[in-house]
Amino acid sequence: MPDGMPRWNAANPVGAMDTRRAAELLAARLPDRMRVFAELAYDLACFWRPEGGRLFAEIDALTWEHCEQNPVRMLSAVPAAELTRAAQDRDLVGRAEALQRALCEERARPFAEHGGLSAEHPVAFVCAEFGVSPALPIYSGGLGVLAGDLLKEASDQGVPMVGLGLYYHDGYFHQQLDLSGWQHEYWIETPPHRCPLALVTDAWGIPVRVRVQIRGEDVFLRIWRAELGRTSLYLLDANLPENSLIARWLTARLYDAEREVRLAQYALLGIGGVRAARALGIAPAVIHLNEGHAAFAAFELAREGVAEGLDFESAFEAAREQLVFTTHTPVAAGNETYSSEEIWRVLDGLPQALGVDPEQLLGPGRFAPHDRGEPLGLTVLALRASRSANGVSRVHGGVARGMWHALWPGRAVEEVPIGHVTNGVHVPTWMAPPMRELLDRHLGAGWLARAADPQTWEGVAEIPDAELWGARNAMRSEALRFVRERGVVDALRRSEALSQVETVGGGYLSPDVLTLGFARRLASYKRLDLLSREAGRFIALGHPVQLVVAGKAHPRDDEAKRLLVDAGRRSGATGARIEEVMRHLAFVEDYDMAVARQLVAGCDVWLNMPRPPLEASGTSGMKAMLNGGLNLSVLDGWWAEAFDGANGWAITADPAENEEARDGRDARLYFDLLEGEVLPLFYERDAEGIPRGWIRRIKASLMTNGPRYCATRMLDDYVRSVYGKRW
Ligand SMILES: *Cc1c(COP(=O)(O)O)cnc(C)c1O
């Protein structure tokens, strides 16, 4: 441990002082009575309380949205007149102060001790992306959002955990479609000092640095801290003047398109992550590699062992005792491999530091350790280097055992030591205010802390149908308002004809119509095209229906991009029938957490049609479920274990058919279900105008799935079966 750095403790984590100091600097620029907002801005736990975001929006709703809900940027950007007005609003300031007191008390609550975990020995959770808040745009999709949800849940439950990741100053790409529907990508720089982040300094106020050798060059990294209630997220950043321009670029873009840059990023994450933990005085009880990107942490731990006198093999074995691993996808692009030439271009100094022959070092990352031609697989390395491994749903656990069976040649496939912890989502983040208020009224005080207990959700049965229906209507209206407004702005930016723009803004989506949602990364295995295959049927289903779609295609995934073009073409086509279809369809550009929050709250039916078995879990459907949305999904990922016949709808997978036949069949089945079951149930109203059968299904969905697919249950599972003991 470096001089001047006390042993890290979750109750008073390194960097907390820096966070307070950053808040003071911001407060000094605000009117006296508004200083409390600077304090709120630096604890992201503020924003998973229902009143948090609302308080900032009350200062100035427009600036709040323009600043992407980034409270630090917002407080610097809000016009002085609005600040002065807000400062005179005693009620607003009073509520902000009450929230601030609650957050301080929350941060001071003691930590739970589980197994080997304690405030001195937290879980170190290492991940290439974190989706914590729209204000920190350093995530691409489900992996990052899940990581963020787990850190938040750890704060809520007092499980000692720190996040370790990279700060990407250009973040992930933004999406804009042109008139032909083709996706264009652009990046926006987000300087870290304009985010809810504080630069971590040591006892003398000097920024803490770590160093990793990449391509023969020392790359220096500074460390930013985000406060998530009781959890700290530390982010490494190479954007320093003493680094070369190439080195500074390494933490520019999440999943940079250039392979060698990406490999260097993974090295910074794994090796730099462990070094950062040491520099901060953290002595983790366990290091959780969330996806294979972080696998090089194993080499760094082994290097430490070698430095203490162990040989490489014993050091690697000792590293294994400290590591656990979660694999998140069976898709090849998510399980990257690198040739030895690529590895040695980036990490040329590594074999020497570990005192081994280069070939021996690569061995654990190969199926056949001595096969010099075999590239190093990040997932293979992570599996070999970890004492525990899991997939993210029951089905995915089985798929992963099959995929990686060859690593355990002596065993039957069922004996492959990869288990599963099914994903869950953070309820306070993803449940919209109308639903939250409803459940707060009906499930009893403190129900969130008991969210994993099925008994907690029994009260859902007693909610008057009219109240639940009222909440659903309010959420649908709000989401459609959002979709229309975004639609107008998107269309103006594409230079659409103003008559077209007016159609978009003119209320072509109706708040009374059954609304289907499909929003996720547009990887081709997610099969958005199933919907366009039978697009004509949209207007011939017997009842009105509308569809909202959002999602980014990977910049190099031309097949996925063509799906977007198809949607665009249809919008440009002139046939009356196509126009009729298009009146029921909206595409929201630039899918992110803020868009997701609106859509999962407002859509009545959440669609998911992955090509089985490629959906490891899927979490957006869980978010929809928490808001009373019903899932209509292929039986894959989480839905394969969640569907019980009465809590949504399912399409069974038939792996025997060829891909083309299966896609055609699944598309037909989708529309058959919509036509035969979903729409009639939604539109069947009683004298009071309430769809009783629909409400019954929503209640069944909440009661069966609420306790299972919340992050509370997920974290319980990790603590009990992964962090504390072996499989
Ligand atoms: C939840 C979420 C995802 C993951 O959705 P899947 O259903 O797992 O594909 C992706 N992106 C964002 C912004 C999310 O909030």
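The values are calculated or read from the model by the stated rules, or taken from the named source; none is laboratory data. Small disclaimer: the values here were computed from a predicted structure and weren't measured. Positions of Cβ are generated from backbone atoms using ideal geometry, with glycine treated the same way; all protein chains shown enter the neighbour counts. Ligands, DNA and RNA are stripped out before the accessible areas are found, and what is left, the full protein with its side chains, is counted by its heavy atoms. Shrake-Rupley method; radii C 1.70, N 1.55, O 1.52, S 1.80 Å.
Quick notes
- Sum of -39500 (n - 2.57) over DSSP H runs of 4+, divided by residues of the chain (222 nm, nearest 500): -12000 deg cm²/dmol
- For segment 199-328, the solvent-accessible area with a 1.4 angstrom probe is 31 square angstrom per residue.
- Protein-only accessible surface order, largest first, of S701, S495 at 1.4 Å: S495, S701
- The Cβ shell under 14 Å around E414 holds other residues with a net charge of +2, Lys and Arg each +1, Asp and Glu each -1.
- For the chain, pairs of C-alpha atoms spaced more than 43 angstrom apart make up 24 percent of the total.
- Beta bridges assigned by DSSP with both partners in the chain are antiparallel in approximately 35 percent of cases.
- Whole-percent carbon and sulfur share, accessible surface of segment 188-269, 1.4 Å: 53 percent
- Under 15 Å, Cβ to Cβ, from V93 - net charge with Lys/Arg +1 and Asp/Glu -1: -2
- Once the Cα gyration tensor of segment 32-90 is diagonalised, semi-axes √(5λ) in Å: 16, 13, 10
- The separation of segment 284-315 from segment 653-727, counted between C-alpha centres, amounts to 40 Å.
- Of all accessible heavy-atom area on segment 652-696, the percent that carbon and sulfur account for (1.4 Å): 48 percent
- Shape call, segment 273-404: gyration tensor on alpha carbons, a/c limit 1.5: oblate
- Relative to the longest principal axis of the Cα atoms of the chain, helix 142-157 runs at roughly 80 degrees.
- For Q213, the amide hydrogen comes within under 5 Å of the amide hydrogens of V219, counting only partners 5 or more places away or on other chains and with H modelled in the peptide plane.
- Going by accessible surface with a 1.4 Å probe and the largest first, F111, F37 read F111, F37.
- Under 5 Å, built H, 5+ apart or other chain: amide partners of L164: F125, V126, C127, Y234
- For segment 494-543, Kirkwood radius (reciprocal of mean inverse C-alpha pair distance, Å): 13.8 Å
- Euclidean distance between Cα centres, segment 220-277 to segment 323-378, Å: 20 Å
- Shape of segment 106-194, Cα gyration tensor, a/c cut at 1.5: prolate
- For the chain, the longest principal axis of the Cα atoms and the long axis of helix 394-403 meet at an angle of about 50 degrees.
- Computed from the Cα positions only, the extents of segment 671-723 along the three principal axes stand at 52, 28, 10 Å, in decreasing order.
- The mean accessible area for residues of segment 474-533, using a 1.4 Å probe and ignoring ligands and nucleic acids, is 41 Å² per residue.
- Relative contact order of segment 408-549, defined on C-alpha pairs under 8 angstrom at six or more residues apart (%): 17 percent
- Mean projection area, nm², convex hull over Cα of segment 431-544: 10.7 nm²
- Segment 41-180 - accessible surface per residue (Å², probe 1.4 Å): 34 Å²
- Solvent-accessible area assigned to carbon and sulfur over segment 28-114 amounts to 50 percent, based on a 1.4 Å probe.
- Residue separation of V413 and A80 scaled by 0.36 nm, minus their Cα-Cα distance, works out to 113.3 nm of gained length.
- Dmax and Rg, reported as Rg then Dmax, of segment 600-655 (C-alpha, Å): 10.4, 33
- Of the GluC sites (Glu not before Pro) in segment 243-325, those whose Cβ has at most 11 other Cβ within 10 Å and which sit in DSSP loop: E258, E308, E321
- Qualifying GluC sites (Glu not before Pro) in segment 654-726, DSSP loop, other Cβ atoms within 10 Å at most 10: E688
- Taking amide H as placed 1.01 Å from N in the peptide plane, the amide H of L522 sits under 5 Å from that of K552, A553, H554, each at least 5 places away or on another chain.
- Separation of alpha-carbon centers, segment 124-147 and segment 398-424, rounded to whole Å: 26 Å
- Segment 165-313, Rg to Rh (Cα coordinates; Rh as Kirkwood inverse mean 1/r): 1.01
- Shape of segment 1-131, Cα gyration tensor, a/c cut at 1.5: prolate
- Directionally averaged projected area (convex hull, Cα atoms, segment 615-727), nm²: 8.9 nm²
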